Amino acid sequence: MQPHPLLTEHYRSAEEKQQYLRKVFDQSAPHYEGIVRWGSFGSGEWYRRQALVRSGLRRGMRVLDVASGTGSTARAAVALLDKESDVVCLDPSSGMLREARKRLVAPCIQGGADHLPFRDATFNFLVMGYALRHVESLEGTFAEYFRVLKPGGQVLILEITKPNNRLGQSLMRFYFRDVMPWLTHRFTRSREAGQMVRYYWETIDQVVSPSLVVTALAGAGFASVGRHVIFSVFSEYRGKKP
């Protein structure tokens, strides 16, 4: 199952989608950290840290941050673990990894969620922050997550999902579709960064329902699967490898 239908305005196949994403994120990487910071009103790292705590991250765990971007979630994990070597960053964008290395000493490896370049049962904890919409297939990605986690290992997927009510959906649409791209272009003067933010909204708008994400996690073999929601927008999908 794809996380959303092909957005033919940007690409015509799953392969073209990954090429498009690498190009957009590579070009936008120098601006990404600032966009995330002001786009979340400065609360992003605090929220990531709290979500990791809620999901049971603790010292002594080895963590894989999939689609790590510039390392925002990885830095939140390091703050809890006090040991950068216990966190591994993975991202398909070389530009994003280059920015992450400026802010983090943790290992940074280029690769995608659908084909993780790690041995079976390597990590105690796996987290993905706001990138599930970019994978090739939910089933394939979750099977890989299950494979690289040790028995008892935990998965946490952070995502932005549309509220159930019309007012909430309208406010979200206005902010992500209209306000953020305008502000991004105004502050960065980057056409590519503005394009990335517009695409961000398109995927949020078209992504599959949360219930299908939960079902796919359970189908991959995860137990204790659930979804915790903050402010009707921030979804935390969790599961544990038996």
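Could you work out the local net charge near Val207, counting Lys and Arg as +1, Asp and Glu as -1, over the other residues with Cβ closer than 9 Å to its Cβ?
Taking every Cβ under 9 Å from that of Val207, the sum is 0.
Restricting to DSSP loop positions (anything but H, G, I, E, B) with no more than 10 other Cβ atoms inside 10 Å of their own Cβ, which trypsin sites (Lys or Arg not before Pro) remain in the stretch 48-107?
In loop regions of the stretch 48-107 (DSSP not H, G, I, E or B), the sparsely surrounded trypsin sites (Lys or Arg not before Pro) are Arg59.
If each DSSP helix of 4+ residues adds -39,500 (n - 2.57) and the sum is divided by the residues in the chain, what number results at 222 nm, nearest 500 deg cm²/dmol?
-14500 deg cm²/dmol
With respect to the cross-link table entries Lys83/Lys240; Lys83/Lys241; Lys162/Lys241; Lys83/Lys162, which display a Cα-Cα separation exceeding 30 Å?
Those over the limit are Lys83/Lys162.
If I build a Gaussian network model for the chain, linking alpha-carbon pairs within less than 10 angstrom, which residue out of Leu80, Leu167, Leu138 has the largest mean-square fluctuation?
Leu167
Net charge near Asp114: determine it from the other residues with C-beta under 12 Å of the C-beta of Asp114, scoring Lys and Arg +1 and Asp and Glu -1.
Numbers: positive: Lys17, Arg147; negative: Glu15, Glu136, Glu139, Glu144.
Neighbour charge sum, excluding Asp114 itself: -2.
On a C-alpha basis, how far is the centre of the stretch 183-217 from the centre of the stretch 143-179 in Å? Whole number, if you could?
11 Å
Which order results if Thr70, Thr8, Thr215 are arranged by neighbouring Cβ count within 10 Å, fewest first?
The order, fewest Cβ neighbours first, is Thr8, Thr215, Thr70.
GNM, the chain, Cα, under 10 Å: largest mean-square fluctuation among Tyr32, Tyr199, Tyr11?
Ranking Tyr32, Tyr199, Tyr11 by mean-square fluctuation puts Tyr11 first.
Bear in mind that the values in this text are calculations on the coordinates, not laboratory data. Because the structure is a prediction, the values reported are computed rather than measured. Every residue, glycine among them, receives a Cβ derived from its backbone with ideal geometry; neighbour counts consider all protein chains shown.
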